[in-house]
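Peer 1: Supplied in structure tokens, the structure appears directly below.
The values are calculated or read from the model by the stated rules, or taken from the named source; none is laboratory data. Keep in mind that this is a model prediction, so the values were computed, not measured. A quick note on method: Cβ atoms are made from the backbone with ideal geometry, for glycine too, and the neighbour counts reach across all protein chains shown. We work out accessible area using only protein heavy atoms, side chains counted, and drop any ligands, DNA or RNA first. Shrake-Rupley method; radii C 1.70, N 1.55, O 1.52, S 1.80 Å.
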Amino acid sequence: MNKNCLDDEYPSPSPIDEIISPRKKLCAENSTRKSWSLMDRRTDQEVLQEMGVSLLEQDENEGHCDMPASVTSHKPNLKRKHDIENVNPNINSSITSPRSRYSPKSPKVKIYSASPGPSKAKSPRSSEKAKPLQCVDSLETTLLSHYLIEEETPSAQVSAQYLPSHGSGFTSGSTSSCSGGKKHSFTPLGLEEELIISQRSKSEPVGNDTFSVLSDEMILSVFRWLPKRTLAHCMLVCKRWYRVACDETLWQRLDLGNKVLSKDALGRILAKKPVIVRLASTEIAEWHPTTPVTQSRLQYLDLSMCTVDHETLSCLMERCTGLKKLSLESVQLEDSTCKLIGKCTTLETLNLTMAQGVTAEGLEAILKGCVSLQSLNISWCNLNEAALQLMVTTLPQKLQRLNVGGARIMTDEMVQKLVERCPRLLELDVSDCSRLGAPSVLAILNLARLEHLALSRCYLLPPHVLTKLSSMPSLQYLEVWGMLQSGSLNALRAALPAIQINQFMFSAIARPTVGARRTSIWGLRTRD
């Protein structure tokens, strides 16, 4: 095909010409040219030449499309006009983008879009012209397909990307080439949004699963690095991941503080067989299991300031007799719960700070049952005199750390009994015991292993009695907050040069001395 002939025959239209119809455009753009009236043509060949069919010269790579002799025959003008209008293509020059106009890949030929009429299918008059008309459609489809693929505008690139391989509901036309007889389909640029939406449903990924090659031990080592929330999501992937993610080694530590647990969630937590569970400031819904009691693996349980009903707490303590550390700070207790705590024979640390409902009977059950107890914080529990008398005579003899701060009714006689009962004390806190006097300090001098002593706000203690603490070789820390003025405090520091005074204002028990130190989650400082 001669491209120069096309450029000469049909000059590039202006943007205004695109608005009017093709027939009016050709009549208005060139007044000196011959009229394009179909009535003035004598033969079909002249009409086809005026339409551009005469430019369909045979190329070397194209098939032979011979013009039949019937095309050159004379026919009545009216019939000829009717038949040709049915196959007349709308001549529309495509306006390319500025980028594609100067791009070397952009086609510089005029593009014709085929718009077949309603009688194009099978008409008696058009049957003889089927072969040349197929050649026309083939050329136009080839040019359009070439334009859609090589156009470099963003819209054309999207259209070319989603161009379907065969005819579909979005295809605007489908024609046959004159050489191969294959069908070509093209997608208009105006339907790219619908095509993108149709491509959103992606198929499943193809290929082998990488995790299927790994062993369970290797997947388990990967899961150990994941947080508990992500690990719970991994359990929903497949059966194998669920089995591996349920391994008890992944659930040894559970921090559910400041959460709200639903009904029976506590049972599901114990089913994971954790070792350390923190439920501080957590709202725990009711859990009343009907299954037989089975002991859990829990060793460290923090229920500080949690909200839990009595029956749920009893069911929990009934299944946790192997605890080593327990915190029930600010929790409402009953005697039945204290008896269940007393069954924890391996309990080493117990925090009952500001616990409510602790009676002499419940405290006796705890102290007699927990024979391995080493650290006890029972401060600010509003213990009555009977409970205090029972405590100082029933405490385990191996006890090393004791906090009875806030026991305002404790007397010097009780302190003397306490020292006699627990000679191995390393830390002692009797802060805010306002009735203690000089006899209590003299009794404490018998604790040869004492390292930390807290006497804050014991206002009846005379300052000169505190200087006698220099005879204790193991004492390292002394807390006397709120008792001495700055001058007296400096004098006390000069009298006790080997003791650090007022180093910890809010010590729960006391600070360990040498060795590795760690503060437990219950406020009790314990050694590793």
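Peer 1: Going by average Cβ density within 10 Å per residue, which order do the peptides 419-432, 249-262 take, highest to lowest?
Peer 2: Ranked from most to least packed, the peptides come out as 419-432, 249-262.
Peer 1: Heavy-atom accessible area per residue, region 260-358, 1.4 Å probe: how many Å²? Write out the running numbers ahead of the final one.
Peer 2: Numbers: 4140 Å² over 99 residues.
For region 260-358, the solvent-accessible area averages 42 Å² per residue.
Peer 1: Subtracting the Cα-Cα distance from 0.36 nm times the residue separation, let me have the gained length for residue 446 to residue 307 in nm, one decimal.
Peer 2: Taking 0.36 nm per residue and subtracting the Cα distance, the gain is 45.8 nm.
Peer 1: Which FRET efficiency value, to the nearest 0.05, do you get for residue 286 and residue 255 by plugging their Cβ-Cβ distance into 1/(1 + (r/R0)^6) with R0 = 22 Å?
Peer 2: 0.50
Peer 1: If we sort 225-238, 352-365 on the protection proxy, mean other Cβ atoms within 10 Å, highest first, what's the order?
Peer 2: 352-365, 225-238
Peer 1: Of all the accessible heavy-atom surface of region 306-422, with the other protein chains kept in place and a 1.4 Å probe, what percent is carbon and sulfur?
Peer 2: That share works out to 46 percent.
Peer 1: Compute the distance in nm between two label points, each set 7 Å from the Cα along the Cα-to-Cβ direction, one at residue 324 and one at residue 343.
Peer 2: 2.2
Peer 1: How many nm separate the modelled label positions at residue 468 and residue 335, each set 7 Å beyond the Cα in the direction of the Cβ?
Peer 2: Result for the modelled spin labels: 4.1 nm.
Peer 1: Just to be sure I understand the model, the point goes 7 Å from the Cα along the line to the Cβ. What's the resulting residue 438 to residue 210 distance in nm?
Peer 2: Label at residue 438, label at residue 210, 7.8 nm between them.
Peer 1: R0 = 22 Å: FRET efficiency of residue 240 with residue 268, Cβ-based, nearest 0.05?
Peer 2: Working: r = 21 Å, r/R0 = 0.97.
Computed FRET efficiency for residue 240 and residue 268: 0.55.
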